[in-house]
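Written out below as structure tokens is the structure these notes cover.
The values are calculated or read from the model by the stated rules, or taken from the named source; none is laboratory data. Being a predicted model, the structure only gives us computed values, none of them experimental. Here the Cβ positions follow ideal geometry from the backbone for every residue, glycine too, while neighbour counts run over all protein chains shown. To get the accessible areas, we keep the full protein, side chains included, count just its heavy atoms, and leave off ligands, DNA and RNA. Shrake-Rupley method; radii C 1.70, N 1.55, O 1.52, S 1.80 Å.
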Amino acid sequence: MDFKEQIESRRTFGIISHPDAGKTTLTEKLLLFGGAIQEAGAVKNNKIKKTATSDFMEIERQRGISVATSVLAFIYNNKKINILDTPGHKDFAEDTFRTLTAVDSVIVVIDVAKGVEEQTEKLVQVCRMRNIPMIVFINKLDREGKDAFDLLDDLEQKLGLKVTPLSFPIGMGYDFKGIYNIYEKNVNLFSGDSKKNIEDTIAIRDIDSPDLDELIGENSASELRDNLELVEGVYPNFDKEAYLQGHQQPVFFGSALNNFGVRELLDCFIDIAPSPRAKMAEERLVQSDEKELTGFVFKIHANMDPKHRDRLAFIKIVSGTFERNKPYLHVRHGKKLKFSSPNAFFAEKKEIVDISYPGDIVGLHDTGNFKIGDTLTEGEQLNYKGIPSFSPEHFRYINNADPMKAKQLYKGIDQLMDEGVAQLFTLEMNGRKVIGTVGALQFEVIQYRLEHEYGAKCSYENFPVYKACWIEAEDIKNEEFKEFKRVKQKFLAQDKRGQLVFLADSQFSLQMTQQKYPTVKLHFTSEFN
């Protein structure tokens, strides 16, 4: 394949959902259909050797594939599929938001019984802001759940989507008989046997054919015809261009646990989903078919293997080709780096690759050179934006619980903060360290990983802060800024990059500060240039 064909053959997407909607199971079944794993349940039963360190997080315990190995790749119908796995738990939402900067499209998983949930609303909002193409998969149809039309209304009203069903269920729960595939015009009969890889699919071009009555019974056939007539009358026809621009969202129904509706989803996905798209850098729009390499770090995982203390920086390739042992410019440092063992991920295996193309995710062994948001190029001064640090919502002092292990503690904190799981602030007044996180569960994760990966123990003390705000001053020499620094001294800190941060103790205090010092601008994300 030539360069353009390589780009055309790639599909890089994320799967997002509220916890327990079945994202894990759907990911597994996609791997199963792609031949990347041999048996359903292999991932859940932990038969696949884990590559990661901490099985502390719930999603890791469930599955035996660490949240850290956030890339699962496989080949299906001559297309290279890259799945970017995202944590479902809201306490890890920041990681998911960053991952969404590296995908070209998204599959949203909805639980048939629960419908649209809070976490899904937030994630879909981010996708809509960026016009990311979305396909919705309504899961768990073998269980009793909401009416299909109620669910479609839910998607439109709560998520603001413009949906068009490309498949439709025949019954639900105990009465579930299968799915009519509107996109392919066939009926997929449900046997309830989760061990079958592919269900019986019967082509039915004409839904008025008596064959349908024989297949699913007269009552079900009549109900299906009425439903399909309603679908045709209420919802627009599928428009691929509108989908690619993020203005229309196709909907599929199925049961990932029973391998049901997954093939239809996957076949349609590789047909309509975008190949790697252009991406906006601060300087210009970069097209995926440009010959020169550009890429950016969207995730760092410290301590992939505790024996080697290695860190992996995950790079999304936007344009050009990434070649092993070729020097590339690290734009922030202004120096060239070579990589002798870039990793690609095929399901549970990491392997060294000689060449990678736009849309691919490459894991680079890192000794501390990379931060989230860093850009690699062949020499051009480019910076990809849109990977900010968000203002944390929970803050605690971190204390060393074992004075003999101070060195290990600081090394551990330093590396874990580089992952972006939490943020470290150093108070200007006394140098005390404060950790800020988006979710409270992160504190437990940090404590667990410090002890099990670095041999260091920490304890926490509450630190009452409402919001962390990054400070931008019009003129650092003017009197207003000097007075602000003097008056607010005990609320000022520096983040890991040395940027000045105001830790407001209440909403009232934040509003008063903004009114009193109008030339001092306060930002809720670290990217405001």
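For segment 89-106, the criterion of a residue being at pLDDT 80 or above, open to solvent by less than 10 Å² (accessible area, probe 1.4 Å) and over 18 Å from V362 (Cα atoms) is satisfied by at least one position. Restricting attention to segment 134-189 and to residues that are acidic (D, E) and in a loop (DSSP other than H, G, I, E, B), the residue that is most open to solvent (accessible area, probe 1.4 Å) turns out to be E144.
So which residues in segment 347-363 are under 25 Å from E28 (Cα atoms) and part of a strand (DSSP E or B)? Talk me through it step by step, then tell me what you get.
Step one: of segment 347-363, the residues under 25 Å from E28 (Cα atoms) are 347-353, 356-363.
Result: K349, K350, E351, I352, S356, I361, V362, G363.
For G363, state whether it is touching a strand residue (DSSP E or B) at 6+ places or on another chain (Cβ under 7 Å), buried (at least 16 other Cβ atoms within 10 Å of the Cβ) and under 20 Å from L285 (Cβ atoms). Criteria not met by G363.
Residues are listed down the side, and each one gets a yes or a no for (1) under 21 Å from I107 (Cβ atoms); (2) at pLDDT below 90; (3) buried (at least 18 other Cβ atoms within 10 Å of the Cβ):
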position: R225; (1), (2), (3): no, yes, no
position: Y243; (1), (2), (3): yes, no, yes
position: H247; (1), (2), (3): yes, no, no
position: V262; (1), (2), (3): yes, yes, yes
position: F269; (1), (2), (3): yes, no, yes
position: R284; (1), (2), (3): no, no, no
position: D289; (1), (2), (3): no, no, no
position: E292; (1), (2), (3): no, no, no
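Considering the conditions (1) assigned to a helix (DSSP H, G or I); (2) touching a Cys at 6+ places or on another chain (Cβ under 9 Å); (3) more than 25 Å from Q119 (Cβ to Cβ), L503 is excluded by exactly one of them, (1). Look at segment 11-35: where a residue is crowded, with 23+ Cβ neighbours inside 10 Å and a partner is among the hydroxyl-bearing types (S, T, Y) and modelled with pLDDT under 80, sitting 6+ places away or on another chain with Cβ atoms under 8 Å, you get G14/T86; G14/T96; G14/T99; I15/T86; I16/T86; I16/T96; K23/T86. If you go through segment 445-478 and keep only what is open to solvent by 50 Å² or more (accessible area, probe 1.4 Å) and within 18 Å of Q415 (Cβ to Cβ), you end up with Q447, Y448, E451, H452, K457.
Filtered by the rule that a residue be buried (at least 21 other Cβ atoms within 10 Å of the Cβ) and either among the hydrophobic types (A, V, I, L, M, F, W, C) or under 26 Å from K485 (Cα atoms) (or both), segment 426-444 gives V434, I435, G436, T437, V438.
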